[in-house]
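Following: one structure in structure tokens, then a few remarks.
Rule-based calculations on the coordinates, nothing more; no lab input. All values derive from a computational prediction rather than experimental measurement. Backbone-built Cβ (ideal geometry, glycine too); neighbour counts: all protein chains shown.
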Amino acid sequence: MKHLLKLQDLTKEQILEILNLADQLKFEKKNNIPHPYLAGKTLGMIFQKSSTRTRVSFEVGMYQLGGSALFLSNRDLQIGRGEPVEDTARVLSRYLDGIMIRTFEQAEVEALAQYGSIPIINGLTDYCHPCQVLADLMTIREYKGGFDGLKMTFIGDGNNMANSLIVGGITMGMEVCIACPENHKPDAALMEWAKENGKFTCTSDIKAAAKDADVLYTDVWASMGQEGEADLRKKEFAGFCIDAELMSLAKPDAMVLHCLPAHRGEEITAEVFEAHADELFEEAENRLHAQKAVLVKLMADK
């Protein structure tokens, strides 16, 4: 494992190693056991898309691991003024021990890995969100004890979250169901891969998708960069909401996850959100622990 560019690059065993290390690091943090595994290391954090959880969790994570993190926006880098990404990769590789990037194009993340000589971590692209799904898997295992036999249903846009949940869920042995409008399906190649490698369905029938689900997951209808489509998307996604009626179709002990921020009254009701707040904010906390595990796997002893 040289980079974390997308979950498709990881085997089931590699994901389990990350989750096991994340559990260990969470235990050490909760019990005030120092774990300076990245002492003296520096992570550059490139943000072309802003974020609450990604920035804070990576920056705090590096501090807790004994290293340091640099916040780099477009205003701070020549890449924002047209310097080729391949040149940026080669320069930053001479200063830093790793790079986390949150951006639009997956190709930009792949180019950093191709031309740089240090580990690259995908903090989010329009194609996928591997760090979030590692935290999701960590949370599911904490609450459910494992993955085999579980049904995970995602309600909403077939976006980067849906893409990564498909890969993460199928790889770990879960049944995955995506419920979305017909013109908002996940990546076609990923859906074909899922059908060939596990139990997968994609439907516009949210009730059928939610039936007997162990995990119900949702995301905002208009992601960052889609604000101009918000009114149209409210019409297209009307009814694609996790509410009490939908919860009644899932298993009685079904958990609810959301990558946040949440728009109560749109993709999830306030009632359901608050009823599952413990799970949702445990999931948010687990971004810290899962990403610390990734950082250690990629940057320790390198």
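Results, tabulated for the structure shown:
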{"item": "Listed residue pairs exceeding 31 Å between alpha carbons, taken from Lys12/Lys234; Lys6/Lys211; Lys30/Lys185; Lys26/Lys235", "result": "Lys12/Lys234; Lys30/Lys185; Lys26/Lys235"}
{"item": "Inter-centroid distance (Cα atoms) of segment 1-20 relative to segment 38-66, Å", "result": "19 Å"}
{"item": "Rounded if a/c under 1.5, otherwise prolate or oblate - segment 156-282, Cα gyration tensor axes", "result": "oblate"}
{"item": "Nearby aspartates and glutamates by direct alpha-carbon distance to Lys297 (threshold 18 angstrom, same-chain neighbours under 8 apart not counted)", "result": "Asp9, Glu13, Glu17, Asp23, Glu28, Glu59, Asp97"}
{"item": "Gyration tensor verdict on segment 247-292 (Cα atoms; rounded if a/c is under 1.5, prolate if a/b is larger than b/c, oblate otherwise)", "result": "oblate"}
{"item": "Separation of the Thr11 and Asp253 label points, Cα + 7 Å toward Cβ, nm", "result": "3.2 nm"}
{"item": "Loop GluC sites (Glu not before Pro), segment 49-120, which have at most 15 other Cβ atoms in a 10 Å radius of their Cβ (DSSP)", "result": "Glu105"}
{"item": "Sorted by Cβ neighbour density within 10 Å, fewest at the top, the residues Asp243, Asp278, Asp301", "result": "Asp301, Asp278, Asp243"}
